1. Going through region 132-145 one residue at a time, which ones are out of contact with any strand residue (DSSP E or B) (no Cβ under 9 Å at 6 or more places or on another chain) and either in contact (Cβ under 8 Å) with a residue 24 or more places away in the chain or not in a helix (DSSP H, G or I) (or both)?
2. Only residues in region 214-226 that are farther than 22 Å from residue 12 by Cβ count as the first member; pair them with residues that are assigned to a helix (DSSP H, G or I), Cβ under 8 angstrom, at least 6 apart or cross-chain, and list the lot.
3. Select the helices (runs of 4 or more DSSP H) contained entirely in region 57-131, then report the ones holding at least 2 residues which are at pLDDT 95 or above and away from the ligand (no atom under 16 Å from the Cβ).
4. Scan region 161-173 and tell me whether some residue there is assigned to a loop (DSSP other than H, G, I, E, B), within 16 Å of the ligand (Cβ to nearest atom) and touching a residue at least 24 places away in the same chain (Cβ under 8 Å).
5. Working carefully through the options 73, 44, find the one that is out of contact with any Asp or Glu (no Cβ under 9 Å at 6 or more places or on another chain), small (Gly, Ala, Ser) and within 19 Å of residue 98 (Cα to Cα).
6. Please enumerate the residues belonging to region 8-31 that are among the aliphatic types (A, V, I, L, M), within 13 Å of residue 43 (Cα to Cα) and part of a loop (DSSP other than H, G, I, E, B).
7. Would you check if residue 134 is within 9 Å of the ligand (Cβ to nearest atom), under 22 Å from residue 112 (Cβ atoms) and exposed (fewer than 15 other Cβ atoms within 10 Å of the Cβ)?
8. Quick one: residue 183 ticks every box in (1) more than 10 Å from the ligand (Cβ to nearest atom); (2) of a type in the set (Val, Ile, Thr); (3) within 19 Å of residue 202 (Cα to Cα) bar one, so which box is it?
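The values are calculated or read from the model by the stated rules, or taken from the named source; none is laboratory data. These numbers were taken from a predicted model, which means no experiment stands behind them. Neighbour counts are summed over all protein chains in view; Cβ atoms, including those assigned to glycine, are modelled from backbone coordinates with ideal geometry.
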Amino acid sequence: DPGLYVAATPIGNLADVTFRVVEALKAADLILCEDTRRTAKLCAAYGIETPRAPYHEHNAARVLPGVIEKLKAGARVCLVSDAGTPLISDPGYRLVRAARDAGVTVIPLPGPSAAVAALSVAGAPTDRFLFAGFPPAKAAARRRFFEGLAAIDATLVFYESPARLAESLAAMAAAFGDRPAAVARELTKLHEEVREGRLAALAADYAEAPPKGEIAVVVHPPAQAELRDDSVDVDALLCEALE
Ligand code: SAM
């Protein structure tokens, strides 16, 4: 059927692509790729010969109108990113927004995403979580970013580059207190590793031995005692105000 298919692709292990994604990529008129060379590897592995074109932050404004015209004319277009689910810290939001505004059907082809893969093995509570993407690179902005998340009663999930991991973990410890966390590295790949610890100890370990590869960080929610402390303060303030 015509429409925009938003297709998840593997985050490392090529075998993690779904049957439905392979079929959709084969049947599509066009595959929009974050990087056509990366997607070429997936296509080669599964015998997919569909034409490919780049779609990323830098050309989105230019290629969008043409893509929407094609979709309105009844084309099947697949959107993929280099790894995982498009739009999750990846390009695609503007395209999905424009497609919906144009009345085009948008179809999800679900599959891997590093955030959910990390959550599924980190051993942190999963009933409530907040995906916060990449923390800002600069120290002051990053501190404000973490401080803004400190009071949230949910597990937090971040993406981080190996070069910034240690300083980010230290900044989290400063903003959140020394909560338990898990660093999920190279999931589904040869050097897959999930390391659990308190934020400060993890920061020290990674400062000493900088990690390699792709990393997702899962931070446990605030301890219930901390949250109760806050509510006691609120109660006290309310009592004062009512006196
Ligand atoms: N759209 C992707 C998704 O759904 O997971 C995320 C794209 S984002 C640009 C790439 C970041 O995701 C990496 O820098 C890393 O933080 C995280 N990531 C991707 N693959 C990973 C893996 N195999 N293991 C751990 N983290 C991964």
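1. Listed by number, the residues that qualify are 136, 137, 138, 139, 142, 143.
2. 219/172; 219/176; 219/199; 222/176
3. In region 57-131, the matching helices (runs of 4 or more DSSP H) lie at 60-72, 93-101.
4. Yes, the conditions are met somewhere in region 161-173.
5. It is 73.
6. 17, 28
7. Answer is yes for this residue.
8. (1)
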